[in-house]
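Just so you know, all these numbers are worked out from the coordinates, no wet-lab data involved. Because the structure is a prediction, the values reported are computed rather than measured. Here Cβ is always computed from backbone atoms with ideal geometry, including for glycine, and neighbour counts include all displayed protein chains.
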Amino acid sequence: MLYERFGPRHWWPGDTRLEIIIGAILTQNTAWANVEKAILNLKRQGLLKPKTLSEISEKKLARLIRPSGYYNVKAGRIKNFLRFLDEEYGGSIDRMFRAPLNRLRNELLAVKGIGRETADSILLYAGGKKAFVVDAYTKRIFSRHGFIKEGSDYGEIQALFLKNIPNSARLFNEYHALIVELGKNMCRVRKPLCAECPLRRMKNG
């Protein structure tokens, strides 16, 4: 129903795996439009490569990503990821994504500032791995429809999806992107457009 309503989302936007990874870190607690401005600043400086991004100071990085908000904190998180990439995988994103899913997920979660949603976004969208992303939209939509309890844990919600839909990175990608679209445009925090919701029509049908 979501696919019929919104069509393919072509998400996550990004020209390279590194750009997607940086976007996943920057999108914490901000709108995507702000992330795009920050990434554009990095592109204009020719910095979207692991080595060049590692070489600039944290202070300069924070200045460039200022549009994304919490820029000092996020600059530190990007630097933490880059140190991990260098120390564990010789600075190679391709080598990193050749690691088994569970091992790499645990490694990413051990990087200061990378939580479950960010780690799974990196794994799914940059790595093409079978990690289902749970975000605020997912929690809001599926609790309102009674599929999960309000306040359910990330792992509980993720397990529900993994149990009930085919284990496909391509499907996980499209499904999560459609959930985001529904959450942004209809299942809003205030004044949700419930009468227009495709999920409501599906339940009623």
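Annotations
- When only Cα pairs below 8 angstrom with a gap of at least 6 residues are kept, the chain shows a relative contact order of 23 percent.
- Convex hull (Cα only) mean projected area of the stretch 17-126, reported in nm² to one decimal: 5.9 nm²
- Using only side-chain charges placed at the Cβ, +1 for Lys and Arg and -1 for Asp and Glu, the dipole size of the chain relative to its Cα centre rounds to 440 debye.
- Chain lengthening between Ala136 and Thr52 when straightened (0.36 nm per residue, less Cα-Cα): 26.9 nm
- Helix 71-89 vs. the chain, principal-axis angle (Cα, 0 to 90°, nearest 10): 70 degrees
- The longest part of the chain holding none of the exposed loop trypsin sites (Lys or Arg not before Pro), meaning those outside H, G, I, E and B in DSSP with at most 12 other Cβ atoms within 10 Å, is 1-97.
- Note on the stretch 99-199: with charges restricted to the Cβ of Lys and Arg (+1) and Asp and Glu (-1), its dipole about the Cα centre is near 100 debye.
- Treating each Cα of the stretch 1-78 as an identical point scatterer and summing with the Debye formula, the log10 of I(q)/I(0) at q = 0.18, 0.19, 0.27 Å⁻¹ comes to -0.68, -0.74, -1.38.
- Acute angle (nearest 10 degrees) that the helix 169-185 long axis makes with the longest principal axis of the chain, alpha-carbon atoms: 70 degrees
- Residue among Asn41, Asn29, Asn173 with the largest mean-square fluctuation in a Gaussian network model of the chain, springs linking Cα atoms under 10 Å: Asn29
- Distance in nm between pseudo-label sites at Arg188 and Asp94 (7 Å out along the Cβ direction from Cα): 4.5 nm
- Only Lys, Arg (+1) and Asp, Glu (-1) charged, at Cβ; the stretch 17-126 dipole about Cα centre in debye: 320 debye
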